[in-house]
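Values in this text are rule-based calculations from the coordinates and carry no lab data. Here the structure is a predicted model, which means the values were calculated and not measured. Glycine also receives a Cβ, built like all others from the backbone with ideal geometry; neighbour counts cover every protein chain displayed.
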Amino acid sequence: MTATLTEPKQRPAAPPKPRSTGWRRRLPLLPALFFVILVTQIPFLVTVFYSFQSWNLVRPGSQHFVGLQNYVDVFADSQFRGAMLNTVVLTVVCVFVSLLLGLGLALLLDRQFLGRGVVRTLLITPFLILPAAGALLWKTSMFHPNYGLVNFVFGGNTDWLSAFPLASVMTQVVWQWTPFMMLLILAGLQGQSKEVLEAAQVDGAGRWRTFASITLPQLSRYLQLAALLGAIYIVNSFDAIYLMTQGGPGTASTNLPYYIYQRAFEGFDIGQSSAMGVIVVVLTLIVATFTLRLMFRTFDVSSGVK
């Protein structure tokens, strides 16, 4: 008898899904996509168009095409460079200090103690206050030279908003954004494995060794996310500067959003203010793209990012 070899049966290929199925799943997202394009992309394209025009509302009929001249004038403007430096200092300092304070508060709130829920609610409250209300609160109740709480505690009658304008604004911004950093870091702390921490204690690792070798590496992704989101929002700070210092004295506390506001709504220079806005958007996209790539590598999902 001769054995006959039979070829293994091949599974029938799955029928290709019709294209209409994919469109049906995407169809509910189209209204949101159209809305985003309408309120973000179209105004940005109009801003780009105005950035190539010389147009001052004080001089009717002055609108004409000037090419890249507005961008040349913007980079030659010493006040613009000063506002950019203030923006960088404000963003870096506020994000760094808020992260440190948020990390410290998160470590404290990760422990069990009486009234922890009440303390959490009180610490989150500054982030729930409107930025304009928080700025007015610090201007009138904390930094006022006559009846401010800061002078009451430290003595004297220092006008903090005039003597230290940028530092005063940074204090208010840090107070506003520290609870946000604390919440993100606290979520990371509560998500770490308790078995690993208990194993470290059994092996004789102290609190500092456990924090430096186990807790901090696990929190790196949360720290990066908090820094990215905080930087995106803090770089656009306007309420605190407008309501507390109006960019002064002089231009000591002027940042880019407030300087663009001055050129557009006080100087009526549509061309140069549009060029400044485009420059700020491009720089923000560059920083955000670099940070996102770094975060993707940390989360091990960067294989598709080239």
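Structure data summary
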| quantity | calculated |
| --- | --- |
| Size of the chain as Cα extents on the principal axes (Å, biggest first) | 107, 64, 33 |
| Distance from region 54-133 to region 188-207 (C-alpha centre basis), Å | 36 Å |
| Extension reserve of the Gln218-Phe113 stretch, reckoned as 0.36 nm per residue once the Cα distance is removed | 35.4 nm |
| Cα point-scatterer Debye curve for region 84-259, base-10 log of I(q)/I(0) at q = 0.14 Å⁻¹ | -0.81 |
| Ranked packing of 37-43, 197-203, most packed first, by mean Cβ within 10 Å | 197-203, 37-43 |
| Region 70-171: trypsin sites (Lys or Arg not before Pro) in DSSP loop, at most 16 other beta carbons within 10 Å | Arg111 |
| Only Lys, Arg (+1) and Asp, Glu (-1) charged, at Cβ; region 71-170 dipole about Cα centre in debye | 420 debye |
| Segments 209-222, 177-190 sorted - mean Cβ within 10 Å per residue, highest first | 177-190, 209-222 |
| Calculated on alpha-carbon atoms, Rg and Dmax of region 40-129 in Å | 23.3, 69 |
| Region 16-125: chymotrypsin sites (Phe, Trp or Tyr not before Pro) falling in loop per DSSP and having at most 11 other Cβ within 10 Å | Phe113 |
| Relative contact order (percent, whole number), the chain, Cα cutoff 8 Å, 6+ residue spacing | 28 percent |
| Computed magnitude of the charge dipole of region 84-259 (debye, nearest 20; Cβ of K, R +1, Cβ of D, E -1) | 200 debye |
| As computed over region 174-306, the Cα convex hull volume per residue (Å³) | 138 Å³ |
